[in-house]
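Single-structure report; data block below.
The values are calculated or read from the model by the stated rules, or taken from the named source; none is laboratory data. Here the structure is a predicted model, which is why all the values come from computation and not from measurement. Cβ placement follows ideal geometry from the backbone for every residue including glycine, while neighbour counts extend to all protein chains displayed. Note: accessible area is taken over every heavy atom of the protein model, side chains too, but ligands, DNA and RNA are not part of it. Shrake-Rupley method; radii C 1.70, N 1.55, O 1.52, S 1.80 Å.
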Amino acid sequence: MSAGALVAADGLAAGYGGPPVLQGVTFAVKAGERVAVLGPNGGGKTTLFRTLLGELRPSAGTVVRPPRIGVVPQTERSRLDFPVSALDVALMGTLSTLPWWRQPGRADRRRARRALADVGLADRMHRTFGDLSGGQRQRVLVARALVQDAPVLLLDESYVGLDAPSVDLLDELLATLTAQGRALLIATHDVDQARGWERVLCLNRRQVAFGAPADVLTRATLEATYGGEIVELPGERCVLPPHHHDHA
Ligand SMILES: Nc1ncnc2c1ncn2[C@@H]1O[C@H](COP(=O)(O)OP(=O)(O)OP(=O)(O)O)[C@@H](O)[C@H]1O
């Protein structure tokens, strides 16, 4: 079932030593696919990402993953008080590709500069990271992941707190990265956004559904994913409760 997949799971269960906090996860993602990973707080999105990264060992099932996976964390969790430039942050992406004894060199700086240009920030590379807007910081973090040259990127609620123009820029960037043959898994709470992507994975401590948005984003599936927390508006739209993080 995972033939041709860049990243896949089959009967995956994972947890933190006790009973699994996530189980029954079976999906396959090909190059050129954006996957919305939906679920309530505590539903298992972070646990899935950590398992795909190899930080957590599956307690059951198997994972197929490439040697390198890039991670784009939430900007609000990044320390903003360090006096580092956008280029410094992007350059950190080269560290995972270097042997431990080597400092980033000229070629690495070139890659970091190119990645910043690719995310539209060529003119901001010497600005202090913490002084950039939320959307710009998010794109710097995408650049840091791009520098790792990974075919699969995991994005953790990258859209949270962005204004409309920044959302559009990030949308465009993710579409480009996908068109270039990457696979993106994007943890999000935005059901409407998920409708525009290629696949949707719904998690609520187990896999509720995986497939094309038109098949997955039904009222029944969303209810099974979010319980009674969904507020439905007239038409097809639905709104999820404000989310919070208790492990920032
Ligand atoms: N380090 C940990 N040790 C033990 N349990 C954990 C740990 N991290 C998460 N959990 C538990 O695993 C379950 C799934 O959490 P996870 O962080 O994967 O959910 P999530 O979908 O990413 O939620 P959020 O949207 O709040 O980030 C929760 O019940 C959580 O309390």
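Numbers below:
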| read-out | value |
| --- | --- |
| Helix axis angle, 134-147 relative to the chain longest principal axis, alpha carbon, degrees | 80 |
| Percent RCO, i.e. relative contact order, over the chain, from Cα pairs under 8 Å lying at least 6 residues apart | 26 |
| Gained length - Asp10 relative to Gln103, 0.36 nm times residue gap less alpha-carbon distance | 29.6 nm |
| Segment Asp123-Ala164, extension gain: residue separation times 0.36 nm, minus the distance between their alpha carbons | 12.6 nm |
| Region 125-192: relative contact order as a whole-number percent, Cα under 8 Å and 6+ apart | 40 |
| Residue-by-residue Karplus 3J(HN,Hα) for region 200-208, coefficients 6.51, -1.76, 1.60, Hz, glycine and proline x | 10, 10, 9, 10, 9, 6, 8, 7, 8 |
| Principal-axis tilt of helix 86-95 within the chain, Cα atoms, nearest 10 degrees | 80 |
| Förster-model FRET efficiency, 25 Å R0, Val84 and Ala31, C-beta, rounded to 0.05 | 0.15 |
| Alpha-carbon centroid distance for the pair region 160-201 / region 13-52, whole angstrom | 18 |
| Cβ charges +1 (Lys, Arg) and -1 (Asp, Glu), total dipole of region 1-81, debye | 120 |
| Cβ-Cβ FRET estimate between Ala220 and Ser133, R0 fixed at 35 Å, reported to 0.05 | 0.35 |
| Considering only the chain, percent of DSSP beta bridges that pair antiparallel, nearest 5 | 50 |
| Order of exposure, largest accessible area first, which applies to Thr221, Thr26 with probe 1.4 Å | Thr26, Thr221 |
| FRET E, pair Met92, Arg195, Förster distance 35 Å, beta-carbon r, rounded to 0.05 | 0.55 |
